[in-house]
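The values are calculated or read from the model by the stated rules, or taken from the named source; none is laboratory data. All values derive from a computational prediction rather than experimental measurement. Quick reminder, even Gly has a Cβ in these numbers, built from the backbone with ideal geometry, and neighbours come from all protein chains shown.
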């Protein structure tokens, strides 16, 4: 909601609206957030093969240093239960094979800590840094962050579930291509919708209260 100043010279003059410096700063903050998302999309398109290679390299580094144990032990099984909750009602046979796999309709698929979508949470954190103007209330910021984190979690669950369905119903190359390449665009689309929704319905200017 914007603060405006009204100036009228006389009864026959036109109404003149001037926006405050805070409103201009707020608009710049919104634009910078979407500009950041667009830059991420551009970089992803240009360097996608290199990013995939770097991600594989980073995965091996983390696994060799045993830094992933907690995620693999607790978060992966937790997400696997959500995937099962989606696929089982649809008529699929789902079994989680600890610690790093799942079987769907008799087809085994690897499911490790690197599949949970930590990259999307990293991108979400970066947009948090640039997306919150100083003029938003802390209450609306916390609400926005909570929805962003939960939304990103469920987007990842949907992404993994769709990848699993591709592996069951199509040749393996389709699931691999979607998992390694197109899943990044799912995150970008989600971030665009999330910030549009946040600026439109969630974030509140401090002076409104």
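So, in the stretch 105-127, of the ones that are within 24 Å of residue 89 (Cβ to Cβ), touching a residue at least 12 places away in the same chain (Cβ under 8 Å) and outside any helix (DSSP H, G or I), which residue ends up farthest from the chain's Cα centre (by Cα)? It comes out as 106.
Before we move on, is residue 81 within 17 Å of residue 179 (Cβ to Cβ) and surrounded by fewer than 18 Cβ atoms within 10 Å (Cβ to Cβ)? Reasoning before the result, please.
On the way: within 17 Å of residue 179 (Cβ to Cβ): no; surrounded by fewer than 18 Cβ atoms within 10 Å (Cβ to Cβ): yes.
Judged against the criteria, residue 81 is not a match.
Picking from residues in the stretch 105-139 that are surrounded by 15 or more Cβ atoms within 10 Å (Cβ to Cβ) and touching a strand residue (DSSP E or B) at 6+ places or on another chain (Cβ under 8 Å), the one that is farthest from residue 206 (Cα to Cα) is 109. Say we look at the stretch 181-209 and pick out the residues that are buried (at least 16 other Cβ atoms within 10 Å of the Cβ) and within 25 Å of residue 104 (Cα to Cα); which of these is nearest to the chain's Cα centre (by Cα)? If we take residues in the stretch 181-209 being buried (at least 16 other Cβ atoms within 10 Å of the Cβ) and within 25 Å of residue 104 (Cα to Cα), then 187 is nearest to the chain's Cα centre (by Cα). Condition check for residue 46 on (1) at pLDDT below 75; (2) assigned to a strand (DSSP E or B): one failure, at (2).
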